[in-house]
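A.B. asks: Handing you a structure now.
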Amino acid sequence: MAIFMDRHELTGTTAADVAEAHRRDLEIQDRYGVKFLTYWFDQRRGTAFCLMDAPDAETAQCVHREAHGFVAGEVVEVALSAVEAFLGRIHDPEPAPGQASGEMDSGHRAILFTDIVGSTAMTSRLGDRMATELVRAHDSIVHRCLSHCSGREVKHTGDGIMATFASTAAAVDCARTIQQEFKRYNRGNPEPIHVRIGVDCGEPVEDSDDLFGSTVQLAARLCSAASADHILVSENIFREYGTADLFTHATRRRLKGFAKPVLAFRCEWADAGVKRQTKQQAPAARPH
């Protein structure tokens, strides 16, 4: 048995329809030796993802075909640890008070990377012990901000952190808060820490060869391209966040691994302590 995640294109389908389809899968799964663990549905994008324990991908498809006819367009084998790191759960959640059982997590995620600027030179100048203490200070600040913004650490990169968020708004707000917290930290410390941050968002399955690939890669490349104390976000983030006046200096950048120049925006963070205003439709930006 292996763990598989599939992707369905279900434009025009409601959350209730998908919840009913999941119920039908559960009714007949034992006939095929399949166990459906959970699913995610994004009604706005018309996409659904199912996570299941199955003998093979085709057997999982047979359950869908017999139960309701919503056959997946893509099925990939995955590791549970990766799914839990990115999506936060591997079983159906209990509905929150007042939430209908059909109101499921969409599976859409924002990915954020932090990176300590000049970490190699810092280690050379200060020595391993002092540099390690500064990395710990970085980690403490980032972890605190993740906790306040409902973010989840995926992994430590040695001189930074990769994190995931269910909400694009939470990821942007967290990035701004992180920079504000480092500004406060640097005021009272002789050895300042300067970080850069990159943020992108997308759906958890990008292609059959690389789970979560392009979203993670773009967030990492944006982080690498950002200047000290800056945040770079993708066009996807710009369009989804909905407060256009936070994003400035739209430029097309050539990033490693991307064939075409990528439109990136600098996110302003000086007023990060101010509560974000009601989301509005963001106007189109004019690239430089």
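The values are calculated or read from the model by the stated rules, or taken from the named source; none is laboratory data. Bear in mind that the values here come from a model prediction, so they are computed numbers and not experimental data. Counting neighbours? That spans all protein chains shown, and the Cβs are built from the backbone with ideal geometry, glycine included. With ligands, DNA and RNA removed, areas are computed over all heavy atoms of the protein, side chains included. Shrake-Rupley method; radii C 1.70, N 1.55, O 1.52, S 1.80 Å.
A.B. asks: Which whole-number percent of Cα pairs in the range 109-267 have a distance greater than 24 Å? Intermediate results must be reported in sequence, preceding the final value.
C.D. replies: Working: 3824 of 12561 pairs.
That tail contains 30 percent of the Cα-Cα pairs.
A.B. asks: Using the eigenvalues of the Cα gyration tensor, what equivalent ellipsoid semi-axes result for the chain when each is taken as the square root of five times the eigenvalue, whole Å, largest first?
C.D. replies: Details: eigenvalues 285, 87, 62 Å².
Ellipsoid semi-axes (Å, largest first): 38, 21, 18.
A.B. asks: Here is a further query. Would you kindly state the longest site-free stretch of the chain, with sites defined as trypsin sites (Lys or Arg not before Pro) in a DSSP loop (not H, G, I, E, B) surrounded by at most 11 other Cβ atoms within 10 Å? Mind dumping the intermediate values first?
C.D. replies: Values: sites that count: Arg44, Arg254, Lys256, Lys275, Lys279.
Counting at most 11 other Cβ atoms within 10 Å as exposed, the longest clean stretch of the chain is 45-253.
A.B. asks: To the nearest 10 Å², what's Thr114's accessible area with a 1.4 Å probe?
C.D. replies: Roll a 1.4 Å probe over it and Thr114 shows about 0 Å².
A.B. asks: Write out the cysteines belonging to the chain for which the nearest other cysteine Cβ is not under 4.7 Å, or none if no such cysteine exists.
C.D. replies: Flagged as lacking a Cys partner: Cys50, Cys62, Cys145, Cys201, Cys223, Cys267.
A.B. asks: Still on this structure, I have one more. May I ask what percent, to the nearest 5, of DSSP beta bridges between residues of the range 109-267 are antiparallel? Before the final figure, lay out the partial values.
C.D. replies: Numbers: 24 of 27 bridges.
Around 90 percent of the beta bridges assigned by DSSP in the range 109-267 are antiparallel ones.
A.B. asks: Given a 1.4 angstrom probe, I'd like the percentage of the accessible area of the range 26-98 that is carbon and sulfur, rounded to a whole number.
C.D. replies: Result for the range 26-98: 50 percent of the exposed heavy-atom area is carbon or sulfur.
A.B. asks: Hey, any idea what % of the range 222-274's accessible area is carbon plus sulfur with a 1.4 Å probe? Intermediate values should be presented prior to the final figure.
C.D. replies: Working: 1290 of 2610 Å².
Ligands and nucleic acids excluded, carbon and sulfur give 49 percent.
A.B. asks: How much area per residue is accessible in the chain when the probe is 1.4 Å and only protein heavy atoms are counted (Å²)? It would help to have the intermediate numbers written out before the result.
C.D. replies: Details: 14130 Å² over 288 residues.
Here the per-residue accessible area is 49 Å².
A.B. asks: Return the Rg/Rh value of the range 2-87, two decimal places, where both radii are evaluated on C-alpha atoms and Rh is the Kirkwood radius. Kindly include the intermediate steps, with their values, before the conclusion.
C.D. replies: Numbers: Rg = 12.0 Å, Rh = 12.8 Å.
We get a ratio of 0.94 for the range 2-87.
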